[in-house]
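Read through the structure below, which is laid out as structure tokens, and then see the notes.
Taken together, the values in this text are just the output of simple stated rules run on the coordinates, not laboratory data. Computed from a predicted model, the values in this text were never measured in an experiment. Neighbour counts are summed over all protein chains in view; Cβ atoms, including those assigned to glycine, are modelled from backbone coordinates with ideal geometry.
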Amino acid sequence: MVVKKYFNESVENELEEAKRKIDSVLNQKDLEKIYLEIFGKSGSFTKFTKQLGKAPQSRRPEIGRQLNEEKKELEEYFEKKRSTLNAQHLATSIDITAPSKKPAIGHLHLVSQAIEEIVDIFKRIGFSLKSYPEVDWDWYAFEALNMPKDHPARDEWETFFVKSKPNAQLGNQVLTPHTSNGQVREMLRLKKPPIRMLNISRCYRRQVDVSHTPMFHQFEGMLIDKNVSIANLKGTLDYFAQKFFGKERKSRLRPHHFRFTEPSFEIDVTCGVCLGRGCRFCKSGWVELGGAGMVHPNVIKAGGLDPKKNTGFAFGWGVERTIAMRTEIGDIRLLFQNDIRFLEQF
Amino acid sequence: MNIKIPVSWLRDYLKTDVAAKTLANTLSASGPSVERIDKVKEDYVFDIEVTSNRTDSVSVFGLAREANAILSNLGEKSNHILPKGINLVLEPDTVNILNLDVTIKDLKLCPRFTAIVLDNVKIRPSPAVIQNRLTLSGIRPINNIVDITNYIMLETGQPMHAFDFDKIKGPKMVLRESTEGEKIVTLDKTVRKLPKGSIVIEDAERLIDLCGIMGGANSQISKRTKRVVLFVQAYDPKTIRKTTQSMAFRTEAASRFEKGVDLEGILNALSRAVYLAKTNANAKIASELVDIYKVKSKTPTITLAIKKLNNYLGEAIHPNLAVKILSLLGFEAKLQNETVAATPPSWRIDDVADDVDLIEEIARIYGYQNLKSEIPKGDIPISEKDTLEEVIGLKKALKFLGLTEVISYSIISQKMLALAETKRTNVVELQNPLTENWQYMRPSLLPSLAEIIGQNQFIRQNLRIFEIAKTYIAQGDELPKQDLQLALVLSHGDFFEVKGYLENIAEIIGREMKLKPNAKKHPLFIENQSAAVFSGKERVGTVGVLDSKITNYFNIKGAVAALEINLSTIYSLPTTAKTYKPIPKYPPVIEDISAIFAKQTPLDEIIQTAKKAGAPLVKTVEVIDVFEDEKLGVDKKSVTLRLTYQKSDDTPAQEEVTATRNKISSALEKSLLAQIRK
């Protein structure tokens, strides 16, 4: 073309030659050396620019534009090689132990983590989560659960009462000392079985020590259907123990007494340290998890269902307790002190 | 209720070769729970938890009876022995018969009353075995007569009392309800003011017993006591409970009486006590037996359908086995047309009332460990997704946005409550708070979160925390409004940062959220740096910078940006629908336009005006720069908008773009009095 004619193919050759040189370079330092050889003061490409002045006046703009295009092409070629070498450089010689640049990520409270896991486990066998009042009527928290007024069994729940006018039918307002108020509420809400309910809620009792805080989280499951058996309860609890604590863990039932279930049980899980053989942590090979039972006919009746046709089971435990069983937190009050250094550990 | 008993004592009434540890395990598996075993010399001491319905088992004898049933069913060699003396005939040993005049004003207060006078009593320390057993059970030995009363209580579960006969004036006893203002000095030398309606015994002159709870000091056994009234009763559980609750004073005897005792066991306990008094104190019976027994209605027979039993167990067991188990437990049981008919023994009548109670007895002795373990088979109910389940996902999303979750107490102090300036009638207050710090149910999560910022501000520079919990607003005589709230606070944060979180949250939740100026100042936020959050027409929360009243209260350095939104309301609103819009095939034309506006003109108004004027060619309008300068004039600001012109079927032509830009410019000039910068 025009340029070729003027410079006798030398520009074209110079371009090809330069590209070959660039291709053969192995490191950044050599690449910069070649750059200078081409574009430096007396570089091979610079000499063409210098010759431009000698070109006839009329052809200068045209030749200049052409030269610029060639130069631009070559510079891009350099740039590509530079970034390739750069990437190779980073890949080969960085200190991987240097601190990262990571986007901020927060932390979920241990209680939420446990709740999520528990809900997930029970969801897979058809239980669904439901929310009920935390300030509720005495009737739902006690009376409908087969605990008449002044019954000594109520002493086991150190209950907070709310300053308010008692309702003629439903009694006082209380802070729910357990999640079992959800039992009758759920039956009344659905009006017919099958029911597979989960209730996880803040609960309140008038106690503070290393294993008690006045507020805590309880978890409760209830199933109402036809011909529900103790074997079904055992199956459900074994399933949970294995999913939550580990495949090798088992649960067992021991006799207990609650007014709202009959029979009533205490649930134990095999100790995580000795797996049931007995060790110095657990003594017997088992650690206590929570309470359970077959829903009392009076409770089913209070829920508006026919206890002759429907049976069911319920179980529940403290979420904090399951956390204490899995971590080494001895004092559960730590969970609600909200020290950021504690929260960030999980 | 827990009871500590030495195994050697248990073995007096339970004859078996089974080792102590095995015994503990079998008891725990099918009956009361042995929570602790301590080895003391050659003996073991069991610490046993007995559930509140089984007062019959809070005794050595009751536990032996229970263990015997369990062991026998397991096929272990086991026998149950009756305590010595329980069938002793209570007839006077002396010629000189003493008389105690007993009157019970109301038989409902005391369904059974037995007493007998002993003479010739030698007060001295009990034999070593009794002292030792009492000590291991946690009771301090005193003297042979007082020790007998305690020993009998632990052994038979029946509380009893002994009076010094010579200190009873009359000698007579009148059992009645206390009247207003009566007092008694009890054995622990404490003056007790009695609530009206407590059960008391009065002699010819004064009160001598606070029945069922503690005896009077004026008639107590002393070293010089020669003649003793041994005394075993039952009281109306409700009345005893009322007294203990109103006096906040409960003894071991009281906690047994308020749950009810075995009326048929009362005379046996008295006989056994007399037997021990004869053996340990040379006592002689010096009176006729006093036994006032309000005839109890006959125990009804409970029938349990075999089918129901099997349904509960999840398997069929032989009906004869069910009958056998009940018989081992002292029930009168037989098979009757596909049912088991059973009458509970006297010590179980308060506890066993329904067929499900029989199921429990059969199932636990049969062994829960022997039942199958099966996941329930029935239909899985169809249920809608609850807000709580949505919240689990939301919490995770917030975590990945860099926020850390806290959980703080829902119960707060008066001072914390005051920060939120809740209307008096909306406050939920506890009737029986534990301490001043936990007195009110919180109406907002923000003061608690601010407190956490204050607490941690010197540990971490930038605290980004959130909590999701209910708040409580009283609603007259109804239950308080208990909505789930999300609160989020950022230390050293500003309005726009927290607004950014709000927009992200709206995206995560899938609900529209818009800011509007607060109608009136929110007590927790700075007035001119906060806004009301709306979703559609619903006010769902507030966003902004916390008022210095709050930050100062917790000594927080720097501004705290925060938001609190009502998740219960938000999740009840419909989600924003997402519809498909074709991805543009032709590139847009993008250009910027700058103009000077009055300072108070909201940016959103500028954007909306530009959008409206630029439609349909303008697809987006963004603010890319805002600045104020004296050169622009007083109370003026310069705003640069980035306009994106785009068409679905072509690249916008230069003429179209110019025409649209002119329309936008004149709209801004006309309706917002803008001055376009060239």
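So how compact is region B:437-521: Cα radius of gyration and Dmax in angstrom?
Answer for region B:437-521, Rg first and Dmax second: 15.3, 45 Å.
With axes computed from alpha carbons, what is the tilt in degrees of helix B:60-73 against the longest principal axis of chain B, rounded to the nearest 10 within 0 to 90?
Approximately 80 degrees, to the nearest 10.
Can you flag which of A:K123/A:K163; B:K516/B:K637; B:K183/B:K284; B:K537/B:K619; B:K423/B:K514; B:K372/B:K395 are past 30 Å Cα-Cα?
From A:K123/A:K163; B:K516/B:K637; B:K183/B:K284; B:K537/B:K619; B:K423/B:K514; B:K372/B:K395, over 30 Å: A:K123/A:K163; B:K183/B:K284; B:K372/B:K395.
State, to one decimal in nm, how far the label point of B:A316 lies from the label point of B:V623, with both points 7 Å from Cα in the Cβ direction.
8.0 nm
Given the C-alpha centroids of region B:149-201 and region B:230-277, what is the distance between them in whole angstrom?
11 Å
Could you list B:F466, B:F400 so that the one with the fewest beta carbons within 10 Å of its beta carbon is first and the one with the most is last?
B:F400, B:F466
What number, in nm² with one decimal, is the all-direction average of the projected area of the convex hull of the alpha-carbon atoms of region B:387-572?
Convex hull of Cα atoms, orientation-averaged projection: 10.6 nm².
Can you work out the base-10 log of I(q)/I(0) for the protein assembly as shown at q = 0.04, 0.06 1/Å, using the Debye formula on its C-alpha atoms alone?
-0.35, -0.65
For all pairs of alpha-carbon atoms in region A:238-332, what percent lies in each bin of width 10 Å, listed from the first bin to the last filled one?
16, 39, 28, 13, 3
Sequence neighbours fewer than 8 away in the same chain don't count; with that in mind, list the aspartates and glutamates whose C-alpha is under 15 Å from A:K309.
Partners found: A:D225, B:D355.
Placing unit charges on C-beta atoms (Lys and Arg positive, Asp and Glu negative, everything else neutral), compute the dipole magnitude of chain B about its Cα centre in debye, rounded to 20.
Charge dipole of chain B: 900 debye, to the nearest 20.
Just checking the output field for B:468-481: average partner chain Cβ neighbours within 10 Å of each residue's Cβ?
Other-chain Cβ atoms within 10 Å of each residue's Cβ, averaged: 4.
Fewest Cβ neighbours within 10 Å first, please rank B:L23, A:L129, A:L31 accordingly.
Arranged by neighbour count, lowest to highest, B:L23, A:L129, A:L31 become A:L31, A:L129, B:L23.
Could you check the simple spin-label distance between A:L334 and B:R460, using points 7 Å along Cα→Cβ, in nm with one decimal?
Result for the modelled spin labels: 1.7 nm.
Could you order peptides B:404-415, A:38-49 by the average number of other Cβ atoms within 10 Å of their residues, highest first?
B:404-415, A:38-49
Taking A:K29 as the anchor, which lysines have their alpha carbon closer than 25 Å to its alpha carbon, excluding any fewer than eight residues away along the same chain?
Within the straight-line limit of under 25 Å, A:K29 reaches these lysines: A:K19, A:K21, A:K41, A:K47, A:K71, A:K72, A:K80, A:K81.
What is the ratio of the Cα radius of gyration of chain B to 2.2 N^0.38 Å, where N is its residue count, to two decimals?
This ratio for chain B stands at 1.53.
Quick one: dipole size for the protein assembly as shown, taken about the Cα centre, charges +1 on Lys/Arg Cβ and -1 on Asp/Glu Cβ, in debye to the nearest 20.
Rounded to the nearest 20 debye, it is 680 debye.
Within the set of other residues whose C-beta is less than 14 Å from the C-beta of B:A418, count the net charge using Lys and Arg as +1 and Asp and Glu as -1.
0
If you wrap region B:168-223's Cα atoms in a convex hull and average its projection over all directions, what's the area in nm²?
The Cα convex hull of region B:168-223, projected and averaged over all directions, gives 3.8 nm².
Name all residues of region A:99-143 having a backbone nitrogen under 11 Å from the label point set 7 Å from the Cα of A:T327 along its Cα→Cβ direction, giving them as ranges.
Once the point is set 7 Å along Cα→Cβ of A:T327, A:108-114 turn out to lie under 11 Å by backbone N, inside region A:99-143.
State the Cα centre-to-centre distance between region B:109-143 and region B:53-69 in whole Å.
Between the Cα centres of region B:109-143 and region B:53-69 lies a distance of 21 Å.
When ranked by the protection proxy of mean other Cβ atoms within 10 Å per residue, highest first, what sequence do the peptides B:609-617, A:136-144, B:420-428 form?
Final packing ranking: A:136-144, B:609-617, B:420-428.
Taking beta carbons within 10 Å but only from partner chains, what does the mean come to for residues B:459-467?
2
Can you list the cysteines of the protein assembly as shown that have no other Cys Cβ under 4.7 Å away?
Cysteines lacking a close Cβ partner in the protein assembly as shown: A:C203, B:C110, B:C211.
Which of the residue pairs B:K499/B:K670; B:K611/B:K678; A:K149/B:K470 have a Cα-Cα distance greater than 22 Å in the structure shown?
Pairs exceeding 22 Å: B:K499/B:K670; A:K149/B:K470.
Could you name the aspartates and glutamates whose alpha carbon sits less than 13 Å from that of B:K21, not counting residues in the same chain fewer than 8 places away?
Straight-distance partners of B:K21: B:E35, B:D38, B:D43, B:D47.
Helix-derived [θ] at 222 nm for chain A: sum -39500 (n - 2.57) over DSSP H runs of at least 4, divide by residue count, nearest 500?
The helix-only estimate for chain A comes to -12000 deg cm²/dmol at 222 nm.
Between the helical axis of B:603-614 and the dominant principal axis of chain B, each derived from Cα atoms, what acute angle in degrees is found, rounded to the nearest 10?
So the helix axis and the longest Cα principal axis differ by about 50 degrees.
With labels modelled as points extended 7 Å from the Cα through the Cβ direction, what inter-label distance (nm, one decimal) is found for B:N555 paired with B:Y580?
That separation, rounded to one decimal, is 6.1 nm.
For region A:120-272, what is the convex hull volume of its Cα atoms per residue in Å³?
Per-residue hull volume (Cα only) is 132 Å³.
Between B:K514 and B:L573, 0.36 nm times their residue separation minus their Cα-Cα distance comes to what?
Value of the extension gain: 19.8 nm.
For the protein assembly as shown, build the charge dipole from Cβ charges (+1 Lys, Arg; -1 Asp, Glu) around the Cα centre, then report which of B:G536, A:A18, A:I96 sits farthest towards its positive end.
A:A18
Using a Förster distance of 56 Å, how high is the FRET efficiency between B:E384 and B:Q245, based on the Cβ-Cβ distance and rounded to 0.05?
Efficiency, from the Cβ-Cβ distance: 0.80.
Let me know the mean shielding of B:381-387 by other chains, meaning the per-residue number of their Cβ atoms within 10 Å of its Cβ.
Per residue, the number of nearby Cβ atoms from other chains is 5 on average.
Between helix B:387-400 and chain B, what is the angle of the helix's C-alpha long axis to the longest principal axis, kept within 0 to 90° and rounded to the nearest 10?
Helix B:387-400 and the main axis of chain B meet at about 60 degrees.
Mind giving me the FRET efficiency for B:K193 and B:Q414? R0 is 35 Å, r the Cβ-Cβ distance, nearest 0.05 is fine.
0.60
Which distance in Å, rounded to a whole number, links the C-alpha centroids of region B:324-353 and region A:291-346?
34 Å
Using a simple charge model, +1 on the beta-carbon of Lys and Arg, -1 on the beta-carbon of Asp and Glu, nothing else, what dipole does region A:15-143 show about its Cα centre, in debye to the nearest 20?
For region A:15-143, the charge dipole is close to 1680 debye.
Ratio to report: Rg/Rh of region B:224-298, with Cα atoms as the point set and Rh obtained by the Kirkwood method; give two decimals.
Reported Rg/Rh (Cα atoms, Kirkwood Rh): 1.04.
How much of the calculated P(r) for region B:2-80 lies past 14 Å, in percent of all Cα pairs?
55 percent
Go ahead and run the numbers for FRET between B:K334 and B:D47, Cβ-Cβ distance against an R0 of 30 Å, rounding to 0.05.
0.20
Quick check on my link table: of B:K122/B:K189; B:K84/B:K324; A:K192/A:K226, which ones sit more than 20 Å apart, alpha carbon to alpha carbon?
The pairs that break the limit, which is 20 Å between Cα atoms, are B:K122/B:K189; B:K84/B:K324.
Which order, highest average first, do B:451-457, B:125-131 follow once you tally other Cβ atoms within 10 Å for each residue and take the mean per peptide?
Answer by packing, highest mean first, reads B:451-457, B:125-131.
Within 10 Å of each residue's Cβ, count the other Cβ atoms and sort A:L36, B:L71, B:L309 from fewest upward.
A:L36, B:L309, B:L71
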